[in-house]
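In what follows, a single structure is set out as structure tokens and then discussed.
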Amino acid sequence: MPISSWRVLRSYLLGAVFLLVVWSAVAAVMQLPIVPQPWRVFERLASIMVSAISIHALYSIWRIAAGLVLAVIVGYPLGLLMGYFPRADRLLAPIVYLTYPIPKIALLPILMLLAGVGELSKIIMIFLIIVFQVVIAVRDGIGGLPRETYYPLYSLGASLGQVFRYIIFPATLPKFFTAIRVAMATAISVLFFTETFGTQYGMGYFIMDAWLRVNYLDMYAGIVVLSAMGLLLFGIIDFFQSRLCRWQ
Amino acid sequence: MKPEPNMSSREPAIRINDLTVTYEEAHHLVKVLDHIDLTVEQGQICALIGPSGCGKSTLLRAVAGLTHDYEGTVAINGEPVDPHRLSIGFMPQNYGLLPWKNVRDNVELACRIKKQPVAQEKRDRLLNDLGLAGFEQRYPRELSGGQQQRVGLAREFLLEPDLLLMDEPFSALDAITREEMQNIFLRLWQENSVTTLLVTHYVEEALYLAQTIVVFSASPGQVRRVIVNPLAGDRAARGGQQFQQLANQLHDMLRGEVEH
Ligand SMILES: Nc1ncnc2c1ncn2[C@@H]1O[C@H](COP(=O)(O)OP(=O)(O)OP(=O)(O)O)[C@@H](O)[C@H]1O
Ligand SMILES: [Mg+2]
């Protein structure tokens, strides 16, 4: 592993240790069942991770992955169209700008009426949160390219496919990844919220259920897993970004 | 002129007739190029020189087929500009490297676009000649300006285009690197004499490289004078008396003084 990766790993470990120390101190001061000592939470986590939590974690990951994939499938071509063809942008930009600022969570009641309270509405919710970010990132990524970037390809009679492959795709990747990273944080919190009803599975359900059962250790174990999921997703995004955007 | 057996080789490489370009600027039209006539013979280097804003880059874009928004005709080898059929190497002022491709991929880019097999031996020889051996895996931002310029040249000379267009190729370089690059360019050019149209701000560069020098006047851009340069490619003549004389003449012309 290169030195820089070690450094990153070390700073993450230091951060985790710091948080645990703060947590432990707060627990020691407060002496309340609602703030248990971290080691007790991790003990519980170890004993119920496989048997009780993993199925919920898988459900949440599936919903995020499905929403993300849908958002990329729809958002990337849309952003491409808007970024590359000014006419498409003139047509679509007003629609995007008018719908983008609507808090997606406010649409949840409508969504649940239309798509039911089950899987579909949860996945569509995540899709809605991510898709706008993707559209705008790709569109602006292309719009920010100087015209001269295309000239050496155009003068060789490059096809649209070649222009995409050699210029547009690589040029939009950094902004694309950043957009996904930003949207992911919102997506996870909204997922938590949507999982508190209409399902028996998912980290949101697990945490709220533990809370209602007044089982604080389970609840904390769930929170730790949810945080770890977020970290994992960021890690995956970072990995792909550093792999595919090595030139930066 | 003695007749050539081949029709197309008798045609000038570039023939521009009556080229006029107007841009719309803040609700009124601005004529940037005004009735330009220009021919460049096969296998020649032609330099365009003129005041800033006189439309040199605009002209280059028209020849490269990057714009068709003009009046008049531009023909390459006697036929309308068609980037799909021809291969036109276009080097913008920033060298046209793709920041996300490493040196090797940037050099091979033109061949890949043209779906030509990459001659690996030639590629390696070019990289070697241009002092880029060992830099194949680097990205453009990890290179100096001069090195980026050489990558751009390697790309063009690997492709061997029908036509090479360069917009102020050496302007961003310091004086010493610029001279070095001019020598490198000439050496590569002498191997296969690709017809070249280049824009420059430097009188000395035009005199050193180009058989034909076209002097533009500004607003609207017009051809002021076409000069046949006997000193092109002559390293020994550089800085000599005749060279200096021509350079002075060109300088005067560019300053807008009346020439005899
Ligand atoms: N896309 C455009 N839209 C409107 N005006 C333009 C456009 N491109 C160039 N112009 C104008 O046309 C004129 C000629 O531009 P051009 O870039 O061809 O000049 P140039 O001779 O290359 O100048 P320089 O030596 O500074 O590079 C300038 O006045 C410029 O402002
Ligand atoms: Mg210019």
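The values are calculated or read from the model by the stated rules, or taken from the named source; none is laboratory data. Since the structure is predicted, the reported quantities are computational estimates derived from the model, not experimental observations. Ideal geometry is used to build each Cβ from the backbone, glycine not excepted, and the neighbour counts take in all protein chains shown. Just so you know, the surface numbers come from the protein's heavy atoms only, side chains and all, with ligands and any DNA or RNA stripped out. Shrake-Rupley method; radii C 1.70, N 1.55, O 1.52, S 1.80 Å.
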Pairs of lysines in chain B (C-alpha under 20 Å apart; 8 or more residues apart or interchain):
5
Accessible surface, 1.4 Å probe, highest first, among residues B:201, B:68:
B:68, B:201
Output field shielding_mean for B:66-74 (other chain Cβ, 10 Å radius) holds 1
Do any residues of region A:150-177 lose at least 30 Å² of accessible area when the full set of protein chains is present rather than just their chain alone, and if so which, with a 1.4 Å probe?
A:151, A:152, A:153, A:155, A:156, A:157, A:162, A:166
DSSP H helices in chain A with Cα extent of 18 Å or more along the helix axis and mean Kyte-Doolittle hydropathy at least -1.0?
A:3-30, A:54-84, A:86-99, A:119-143, A:169-194, A:216-244
Any chance you could list the semi-axes, whole Å, largest first, of the equivalent ellipsoid that the Cα gyration tensor gives for region A:87-163, using √(5λ)?
37, 14, 10
Taking every residue of B:84-95, the Cβ atoms of other protein chains inside 10 Å of its Cβ average out to 4
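Arrange the peptides A:107-115, A:40-48 so that the one whose residues have, on average, the most other Cβ atoms within 10 Å appears first.
On the way: A:107-115: 14.6, A:40-48: 16.2.
Sorting A:107-115, A:40-48 by mean packing, highest first, produces A:40-48, A:107-115.
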Grab the eigenvalues of the alpha-carbon gyration tensor for the protein assembly as shown, scale each by 5, take roots, and send me the semi-axes largest first in whole angstrom.
62, 26, 19
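What is the magnitude of the charge dipole of region B:1-150 about its Cα centre, with +1 placed on the Cβ of each Lys and Arg, -1 on the Cβ of each Asp and Glu, and no other charges, expressed in debye to the nearest 20? Working shown, then result.
Working: 18 positive and 19 negative charges, 135 e Å.
Computed about the Cα centre, the dipole is about 640 debye.
For chain B, which semi-axes, largest first and in whole Å, follow from the square roots of 5 times the eigenvalues of its Cα gyration tensor? Display every interim value, and only then the final one.
Values: eigenvalues 163, 100, 77 Å².
They are 29, 22, 20 Å, listed from largest to smallest.
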Using only Cα atoms, find the angle between the long axis of helix B:241-254 and the longest principal axis of chain B, and express it within 0 to 90 degrees, rounded to the nearest 10.
60
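Scaled to the compact-protein estimate 2.2 N^0.38 Å, what is the alpha-carbon radius of gyration of region A:46-136, rounded to two decimal places?
Against the compact-globule rule of thumb, the ratio is 1.35.
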Longest principal axis of chain B (C-alpha) makes with the long axis of helix B:175-192 (C-alpha) an angle, in degrees to the nearest 10, of 80
Asserting the computed 222 nm helical MRE of chain B (DSSP H runs at least 4 long, -39500 (n - 2.57) per run, divided by residue count, to nearest 500) equals -10000 deg cm²/dmol
Please give the residues from region A:222-248 for which the solvent-accessible area of heavy atoms, probe 1.4 Å, is smaller by at least 10 Å² with all protein chains in place than with the chain isolated.
A:246, A:247, A:248
Could you tell me what percent of the accessible area of chain B is made up of carbon and sulfur, with a 1.4 Å probe and every protein chain present?
46
For chain A, one quarter of the surface area of the C-alpha convex hull, expressed in nm², comes to 17.0
For a bin width of 10 Å, list the pair-distance distribution of region B:101-241 built from all Cα-Cα distances, rounded to whole %.
11, 38, 33, 15, 3
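What do you get when you divide the Cα radius of gyration of region B:2-91 by 2.2 N^0.38 Å, with N the number of residues? Intermediate values should be presented prior to the final figure.
On the way: Rg = 14.3 Å, N = 90, 2.2 N^0.38 = 12.2 Å.
Normalised Cα radius of gyration, region B:2-91: 1.18.
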Cα atoms only: what Rg and Dmax, in Å, come out for region B:66-133?
15.2, 45
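Using per-residue counts of other Cβ atoms within 10 Å, averaged over each peptide, order A:176-183, B:130-137, B:54-61 from highest down.
B:54-61, A:176-183, B:130-137
Enumerate by residue number the GluC sites (Glu not before Pro) in region B:12-84 meeting two conditions: DSSP loop (anything except H, G, I, E, B), and at most 16 other Cβ atoms within 10 Å of the site's Cβ. List each step's numbers first, then the result.
Working: sites: B:24, B:25, B:41, B:71; in loops: B:41.
For GluC sites (Glu not before Pro) across region B:12-84 that sit outside H, G, I, E and B with at most 16 neighbouring Cβ atoms in 10 Å, the list reads B:41.
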Specify the angular offset, from 0 to 90 degrees and rounded to the nearest 10, of the alpha carbon long axis of helix B:103-113 from the longest principal axis of the alpha carbons in chain B.
60
At 222 nm, what helix-only mean residue ellipticity would chain A give, in deg cm²/dmol to the nearest 500, using -39500 (n - 2.57) for each DSSP H run of four or more?
-26000 deg cm²/dmol
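Evaluate the charge dipole of the protein assembly as shown about its Cα centre and quote only its size in Debye, nearest 20, assuming +1 on the Cβ of each Lys and Arg and -1 on the Cβ of each Asp and Glu. Numbers along the way, then the final one.
Details: 43 positive and 43 negative charges, 361 e Å.
Roughly 1740 debye for the protein assembly as shown.
Compute the normalised compactness of region A:111-248: alpha-carbon radius of gyration over 2.2 N^0.38 Å, N being the residue count.
Details: Rg = 20.3 Å, N = 138, 2.2 N^0.38 = 14.3 Å.
For region A:111-248, the normalised Cα radius of gyration comes out at 1.42.
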Report the accessible area of residue B:91, computed with a 1.4 Å probe over the heavy atoms of all protein chains in place, in Å² rounded to the nearest 10.
0
